[in-house]
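See structure below.
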Amino acid sequence: VEEIYSRTRSYLDGVLNSLNLGVIGLDARFNISFINKDQATLFQRTGGEQSLFEVIGVAVASAYPLLTATQWEDTYERVIHGREVVTHARIGFPQDQAESFYALSVVPLMDGQTRVIGGVAVTEDITRLVHLENDLIEKERLGLVGQMTIALNHEINNPLTAILGLAQISQQSD
């Protein structure tokens, strides 16, 4: 049984550490009980605690500044008491002048089907995706400006052509 448990734990650790997503295990009070290696990297990027030993048992709101304390409290209430999955689709960090962007989902962790015993927070770095979306929006805007320029050119040139034609006819009849 111990050998099966050890192999299963090793397998699950391998899975969690190869996801390319930050994973945080949270207890019923939203204290950190587990992080994977990608989450440790995210802690470093966001200025939070860095070492596994420093964050275990610490409240996620104080260790992971991706959300404000109020946002963490709201997430806690919705996950633990409301049993709902909470998703923050596009979080800019730092909040006052975003350089990086993240998607964060917190899922209730159930004890069988009866009660919530914690949560699992999953963070994805979507910075590249946000930059690509912003580039696409900028190119679409430039395309619209080009189309508007062509339309305005026609709107201006058509009356000018008519005026020029009338002026030439007037000159010929004089």
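The values are calculated or read from the model by the stated rules, or taken from the named source; none is laboratory data. Just so you know, these numbers come straight off a predicted model, no measurement behind them. No Cβ is skipped: glycine too gets one built from the backbone with ideal geometry, and neighbour counts run over all protein chains shown. Surface accessibility is based on the protein's heavy atoms, side chains included, excluding ligands, DNA and RNA. Shrake-Rupley method; radii C 1.70, N 1.55, O 1.52, S 1.80 Å.
Residues of region 1-33 that are in a loop (DSSP other than H, G, I, E, B) and open to solvent by 50 Å² or more (accessible area, probe 1.4 Å): V1, S18, L19, N20, R29.
Do we find that V106 is surrounded by 13 or more Cβ atoms within 10 Å (Cβ to Cβ) and part of a strand (DSSP E or B) in this structure? Here the answer is yes, as V106 does meet what is asked.
Of all residues in region 117-143, those satisfying the criterion of being closer than 19 Å to G92 by Cα, among the aliphatic types (A, V, I, L, M) and surrounded by 14 or more Cβ atoms within 10 Å (Cβ to Cβ) are A121, V122, I126, V130.
All of (1) part of a loop (DSSP other than H, G, I, E, B); (2) in contact with an Asp or Glu (Cβ under 8 Å, 6 or more places away or on another chain); (3) not charged (D, E, K, R) hold for A98 with one exception: (2). For region 73-91, give me the residue count where each residue is more than 17 Å from A59 (Cα to Cα) and either in a helix (DSSP H, G or I) or among the acidic types (D, E) (or both). Qualifying residue count for the region: 2.
Checked against (1) within 43 Å of the chain's Cα centre (by Cα); (2) aliphatic (A, V, I, L, M); (3) open to solvent by 100 Å² or more (accessible area, probe 1.4 Å), L166 passes all but a single condition, namely (1).
Where residues in region 144-160 are β-branched (V, I, T) and open to solvent by 90 Å² or more (accessible area, probe 1.4 Å), which of them is farthest from the chain's Cα centre (by Cα)?
In the first step, residues of region 144-160 are kept if they are β-branched (V, I, T); the result is 145, 149-150, 156.
Still in the list and also open to solvent by 90 Å² or more (accessible area, probe 1.4 Å): 150, 156.
Working: I150: 37, I156: 45 Å.
Residue satisfying both the conditions and the ranking: I156.
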